Amino acid sequence: MIGFTLSEKEFDYELQALATGFFPGKRTQINGESGDLHIAIDYGDTEISVCVETKAGRKASSAAVTGDDDWHKKEGKLAHPYRTYYKNIVKKLVFTVLRDFPEEWLPEGFERRLPVWGTMTGVRPTKIPMNMLLEGRERTEVMEILQNVYCCSEQKAALGTEIAAREAALLQQNEYQDGYSLYVGIPFCPTTCLYCSFPSYPCDRFGHLRDDYVAALQREIKGTAKLMQGKRLTSVYMGGGTPTTLSPEQLRTVIKTMQEYFPMDTSVEFTVEAGRPDSITEDKLLALRECGVDRISVNPQTMQQKTLDLIGRRHTVDQTIQAFELARKLGFTNINMDLIIGLPGEELSDFEDTLRQVGQLAPDSLTIHSLVIKRASRLRSVLEEQGALGETEQIRGRRMEQMLARGEQFAGEQGYLPYYMYRQKNSAGHAGSGGQENIGYAKPGSECLYNILIMEEMQSIVALGAGASTKKYHSDRGQVSRIENVKSVTDYISRVDEMIERKRHALER
């Protein structure tokens, strides 16, 4: 275990994430029992000091003078606007001491990894460089800051800056500052994928609720639209779940209600996750075309039939090809495909074959996700039963790093550019760990603005449907607050008026 002693309970969440980045799988505790490795942090009157010590008495420490005139004022010294400044100091101190701590001093069972994203433990590593670029800083300066202040590796600093520059350019082409985006969630799925840890509503058990759900969604659309009158809508995203589990008539009903009550003119980007190929039909695609949807996603996850069968995706590779070609035939000119690396049983050669088949279809954008085997997923249970979790993280991580690198190479060869990225929650990412990043690639002009806006938290996202989370953006402090809808479909149907009231209470303030 890794124990922390903090003179003031500040930045504890980020510091624990940083420590587990160095030592994956190790439990952390704040101001509790002493750990096998103990980290003591003192926020003094004139300096911050960090000491790392083992139970055997091996010790290393570091300190930094803040150099700030207000540091001697105990009260409020960690408050905004200084909070980020002080947080960066203490995280860099902890990073440096853990990085330089002699290998032979580490407790037994502690295998150190170097976090390649440095002290950036959040899920949005491009948010910091993008804000610096929007402030007018040069790319070379941003890269230097990422390496010197945030301790990023040269490779990750370059990747983060490249994506941030592309995001900043796309944002500057769109009037997003005073606008908002709309998310509509359809929680039903044909089946529950083995790796999924989200609340799932497979159609064989919950399909009979779709009419009632659509009616409740219409009610929330109408009630929420009143709260947003006079505000400019930037983008619309219908996700899930699998939106195409709705019938063509239900899709038309939902979208036409949105168009009646929200200002969805032709300048608004409109994406629908058509999703799994086994739920995509010509009638549904025609309904989406009629309603002005200009971007869809067809998501195979893999083009390996053995893997599809294993993870519970009850569709074939041929169905993926047919669904994609049908969408092209019907006039969709902006189609995304989602892929997942690290699926059970897949080697680099399997992923390369998937890329080959996807390349033949030539989607307009491509999103490569990294599989995390979450505690709540059925995949973990199945792998435990099969005894397949014995593979070391290092072996699995190296394979996923190879897949990520191959995906990046493929994207470049095919003319795709990376335009947004996020990482797994609470993961510092380390050399050889693999699977930390989820990267969206697109041909120039085929990027999804909504993906950038929600990832970088640059405007409010009004979210409708069961399990949807509205994000209210506070431009004065660059932060968001969340308004959650209930996750249960049956609760959502019966309590939709309460969901509207939650939004009214938060959005009108």
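Kindly indicate whether Cys151 is touching a residue at least 12 places away in the same chain (Cβ under 8 Å), in contact with a Cys (Cβ under 9 Å, 6 or more places away or on another chain) and surrounded by 17 or more Cβ atoms within 10 Å (Cβ to Cβ). Outline the logic, then answer.
Numbers: touching a residue at least 12 places away in the same chain (Cβ under 8 Å): yes; in contact with a Cys (Cβ under 9 Å, 6 or more places away or on another chain): no; surrounded by 17 or more Cβ atoms within 10 Å (Cβ to Cβ): yes.
Spelling it out, it is not the case that Cys151 is touching a residue at least 12 places away in the same chain (Cβ under 8 Å), in contact with a Cys (Cβ under 9 Å, 6 or more places away or on another chain) and surrounded by 17 or more Cβ atoms within 10 Å (Cβ to Cβ).
How about segment 323-339: which of its residues are assigned to a helix (DSSP H, G or I) and either crowded, with 21+ Cβ neighbours inside 10 Å or touching a helix residue (DSSP H, G or I) at 6+ places or on another chain (Cβ under 7 Å) (or both)?
If we filter segment 323-339 for residues that are assigned to a helix (DSSP H, G or I), which is where we start, we get 323-329.
Ala323, Phe324, Leu326, Ala327, listed by residue number.
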Residues that are surrounded by fewer than 22 Cβ atoms within 10 Å (Cβ to Cβ), free of Cβ contacts under 8 Å to residues at least 60 places away in the same chain and either within 18 Å of the chain's Cα centre (by Cα) or within 13 Å of Leu134 (Cβ to Cβ) (or both), drawn from segment 154-172: Ala165, Ala168, Ala169, Gln172
Odd one out for Ala216 among (1) buried (at least 21 other Cβ atoms within 10 Å of the Cβ); (2) part of a strand (DSSP E or B): (2)
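With Pro277, Pro248 as the choices, which residue is at pLDDT below 95 and either under 21 Å from Arg502 (Cα atoms) or touching a helix residue (DSSP H, G or I) at 6+ places or on another chain (Cβ under 7 Å) (or both)?
Values: Pro248 fails: at pLDDT below 95.
That would be Pro277, the only listed residue that is at pLDDT below 95 and either under 21 Å from Arg502 (Cα atoms) or touching a helix residue (DSSP H, G or I) at 6+ places or on another chain (Cβ under 7 Å) (or both).
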Filtered residues of segment 471-508 (kept if at pLDDT below 95 and among the aromatic types (Phe, Trp, Tyr)): Tyr473
Residue in segment 425-438 that is at pLDDT 85 or above and either small (Gly, Ala, Ser) or surrounded by fewer than 23 Cβ atoms within 10 Å (Cβ to Cβ) (or both) present: yes
Neighbours by Cβ (under 6 Å, 6+ apart or cross-chain): first from segment 44-64, within 15 Å of Glu8 (Cα to Cα); second assigned to a strand (DSSP E or B) and among the β-branched types (Val, Ile, Thr): Glu47/Val65; Val50/Ile41
Breaking point among (1) in contact with a strand residue (DSSP E or B) (Cβ under 7 Å, 6 or more places away or on another chain); (2) at pLDDT below 95; (3) closer than 23 Å to Val480 by Cα, for Ser181: (2)
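The values are calculated or read from the model by the stated rules, or taken from the named source; none is laboratory data. Not measured: the values here are computed from a predicted model. Virtual Cβ from ideal backbone geometry, glycine too; neighbours counted across all protein chains shown.
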